[in-house]
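Asker: I'd like to ask you about the structure that follows.
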Amino acid sequence: MRNKPHFLKFALVFGLCLCVLTLFAVPGLAGKFKKEYKMTLNVGPQFYWGMGAQKFSDLVKEKTNGQINIKPYWGSALLKGAQLKSPQMVATGAIDLAYESTINSSPVMPEMNIFSLPFFINNFENLDKMENGETGKAIFAVMEKKGLVPLAWAENGFRQVSNNKRPIEKPEDLKGLKLRVVGSPIFIDTFRQLGADPVNMNWGDAVTGFQQGVVDGQENPVGVLLPVQIWQYHNYATFWNYLVDPVIIYWNKKQFDAFPKDIQEAIRAAAVESARFEKALCRAGLDGTKSIDILKNEFNYEMEHPEPVKLLESKGVEVTFLTEENRQAFMTATQPILEKWIPKVGKDLYEKAKADMAK
């Protein structure tokens, strides 16, 4: 009985210590996080892709109660324009995360070229089936092995072609046209196969080329064509969906795996939500009212230009859509590119993609 006061005193002190530890548990954890997490992406904030990246940053801050703060570095500023190096830089931890195109990852992960096989996917339904099916799982598994954590599929969109010479309706219409294209080898191969003269150059040089008449055209998704006001340079645009440019949100694996589970879940939820928003921006006016309704009902967002085709036409651009017969002609003309690139992409992945699309 003589030890009871000492026991009570000890219990009181111990209880106070527990209270202090509990009160400071969250701030102590927050102190382990970096002040800023650097995110690389290829475009600026005015593009749909950039708007999606900003949405992701905002959502992560909100869902983690301000514990994780992401700063977007626009225009591959962290890579000094060398956007094709983003997967390596994120994998090594030099950059924390990326909101980047599969095109930019293809030099490191050739499997990404499954989306660049010409006239293979053709529409949003097929793309969604691939991303949500065995193809998407296989791509994400490849990324995991490279030291990356893929979080969600966003989008830059199906790439269309514009020029200042003539409408493009059939393969022979491309013959002799000098076109600014992405510097990926499969792009160069595709346009050479179609008889065009593909040129890899940055956008600033391309604009100068358009103005001086030394470059006839270019290829890009709608989410790029509108912000750059393509009608200033070209009178003809063909919506042919010849290949698609998905965007993947991914994080350095070692860093992400070290986050507490609740932080991981918050980041994943933010990625999925931002990707849905960003995809809807890219598809608005191109899939009926589906994406416009998503933006309005889920995000309370009104598109400035909900009908991109009508906008282009109002600016004097003649817009062409391929007939099924002409699409088949392009598929036949580019069949040698598939035969060359399927082994590089992986026959197994190619078969997964075909099976996904057939479902």
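The values are calculated or read from the model by the stated rules, or taken from the named source; none is laboratory data. Since this is a predicted model, take the numbers as computed values, not measurements. Cβ coordinates were reconstructed from backbone atoms using ideal geometry, including for glycine residues, and neighbour counts include every protein chain displayed. Ligands, DNA and RNA are stripped out before the accessible areas are found, and what is left, the full protein with its side chains, is counted by its heavy atoms. Shrake-Rupley method; radii C 1.70, N 1.55, O 1.52, S 1.80 Å.
Asker: Output the qualifying pairs, or none if there are none: Cβ atoms under 6 angstrom, residues six or more apart or on different chains, first residue in region 269-289 and among the charged types (D, E, K, R), second residue part of a helix (DSSP H, G or I) and open to solvent by less than 40 Å² (accessible area, probe 1.4 Å).
Answerer: Sorted first by the residue in region 269-289, then by its partner, the pairs are 273/59; 278/52; 283/291; 287/124.
Asker: Something else: Suppose we filter 42, 3 for residues that are modelled with pLDDT under 95, within 17 Å of residue 248 (Cα to Cα) and open to solvent by 40 Å² or more (accessible area, probe 1.4 Å); which single one remains?
Answerer: Testing whether each residue is modelled with pLDDT under 95, within 17 Å of residue 248 (Cα to Cα) and open to solvent by 40 Å² or more (accessible area, probe 1.4 Å) leaves just 42.
Asker: Which one of 352, 347, 359 is farther than 19 Å from residue 128 by Cβ, of a type in the set (Lys, Arg) and either touching a residue at least 24 places away in the same chain (Cβ under 8 Å) or surrounded by fewer than 16 Cβ atoms within 10 Å (Cβ to Cβ) (or both)?
Answerer: On the way: 352 fails: farther than 19 Å from residue 128 by Cβ; 359 fails: farther than 19 Å from residue 128 by Cβ.
Sole residue among the options that is farther than 19 Å from residue 128 by Cβ, of a type in the set (Lys, Arg) and either touching a residue at least 24 places away in the same chain (Cβ under 8 Å) or surrounded by fewer than 16 Cβ atoms within 10 Å (Cβ to Cβ) (or both): 347.
Asker: Something else about it: Could you grab me the full set of residues in region 234-255 that are out of contact with any strand residue (DSSP E or B) (no Cβ under 8 Å at 6 or more places or on another chain) and either farther than 20 Å from residue 41 by Cβ or hydrophobic (A, V, I, L, M, F, W, C) (or both)? Can you show your working first?
Answerer: First pass over region 234-255, keeping only residues out of contact with any strand residue (DSSP E or B) (no Cβ under 8 Å at 6 or more places or on another chain): 254-255.
Hit for region 234-255 is 254, nothing else.
Asker: Is it true that some residue in region 63-71 is farther than 19 Å from residue 345 by Cα and open to solvent by less than 10 Å² (accessible area, probe 1.4 Å)?
Answerer: The initial filter retains those residues of region 63-71 that are farther than 19 Å from residue 345 by Cα, namely 63-71.
Next, from what is left, pick out any that are open to solvent by less than 10 Å² (accessible area, probe 1.4 Å): 64, 68.
The answer is yes; a qualifying residue exists.
Asker: Which of (1) under 18 Å from residue 243 (Cβ atoms); (2) basic (Lys, Arg); (3) more than 20 Å from the chain's Cα centre (by Cα) does residue 279 not meet, given it meets every other one?
Answerer: With (1) under 18 Å from residue 243 (Cβ atoms); (2) basic (Lys, Arg); (3) more than 20 Å from the chain's Cα centre (by Cα) applied to residue 279, the lone miss is (3).
Asker: So which residues in region 274-301 are small (Gly, Ala, Ser) and part of a helix (DSSP H, G or I), if there are any at all?
Answerer: The answer is 274, 275, 280, 291.
Asker: A follow-up question, please. Looking at 342, 263, which is the one that is assigned to a helix (DSSP H, G or I), modelled with pLDDT of 95 or more, surrounded by 15 or more Cβ atoms within 10 Å (Cβ to Cβ) and out of contact with any helix residue (DSSP H, G or I) (no Cβ under 7 Å at 6 or more places or on another chain)?
Answerer: Answer to the check: 263.
Asker: I'd like the residue in region 215-242 that is hydroxyl-bearing (Ser, Thr, Tyr) and outside any strand (DSSP E or B) and, out of all such residues, is nearest to residue 103 (Cα to Cα).
Answerer: For region 215-242, the residue satisfying everything is 242.
Asker: Of the conditions (1) part of a helix (DSSP H, G or I); (2) open to solvent by 90 Å² or more (accessible area, probe 1.4 Å), residue 304 satisfies every one except a single condition; which number is it?
Answerer: With respect to (1) part of a helix (DSSP H, G or I); (2) open to solvent by 90 Å² or more (accessible area, probe 1.4 Å), residue 304 is out only on (1).
Asker: Working carefully through the options 210, 256, find the one that is modelled with pLDDT under 95, not small (Gly, Ala, Ser) and not in a loop (DSSP other than H, G, I, E, B).
Answerer: The conditions single out 210.
Asker: So which of 147, 136, 157 ends up being in contact with a Lys or Arg (Cβ under 8 Å, 6 or more places away or on another chain), of a type in the set (Gly, Ala, Ser) and within 27 Å of residue 285 (Cα to Cα)?
Answerer: From the options 147, 136, 157, the qualifying one is 157.
Asker: Let me ask something else about it. With the structure loaded, tell me whether residue 76 is in contact with a Ser or Thr (Cβ under 7 Å, 6 or more places away or on another chain), open to solvent by less than 20 Å² (accessible area, probe 1.4 Å) and outside any loop (DSSP other than H, G, I, E, B) or whether it fails that test.
Answerer: So residue 76 fits the description; yes.
Asker: Let me ask something else about it. Test residue 320 against the stated conditions and say whether it is not aromatic (Phe, Trp, Tyr) and not in a helix (DSSP H, G or I).
Answerer: So residue 320 fits the description; yes.
Asker: In region 123-141, how many are open to solvent by less than 40 Å² (accessible area, probe 1.4 Å), under 20 Å from residue 105 (Cβ atoms) and touching a helix residue (DSSP H, G or I) at 6+ places or on another chain (Cβ under 7 Å)?
Answerer: Of the residues in region 123-141, 6 are open to solvent by less than 40 Å² (accessible area, probe 1.4 Å), under 20 Å from residue 105 (Cβ atoms) and touching a helix residue (DSSP H, G or I) at 6+ places or on another chain (Cβ under 7 Å).
Asker: Pick from 112, 89: which is touching a helix residue (DSSP H, G or I) at 6+ places or on another chain (Cβ under 7 Å), surrounded by fewer than 23 Cβ atoms within 10 Å (Cβ to Cβ), assigned to a helix (DSSP H, G or I) and free of Cβ contacts under 8 Å to residues at least 60 places away in the same chain?
Answerer: 89
Residues are listed down the side, and each one gets a yes or a no for (1) open to solvent by 10 Å² or more (accessible area, probe 1.4 Å); (2) in a strand (DSSP E or B); (3) more than 21 Å from residue 335 (Cβ to Cβ):
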{"site": "99", "(1), (2), (3)": "no, yes, yes"}
{"site": "121", "(1), (2), (3)": "no, no, no"}
{"site": "155", "(1), (2), (3)": "no, yes, yes"}
{"site": "172", "(1), (2), (3)": "yes, no, no"}
{"site": "176", "(1), (2), (3)": "yes, no, yes"}
{"site": "180", "(1), (2), (3)": "yes, yes, yes"}
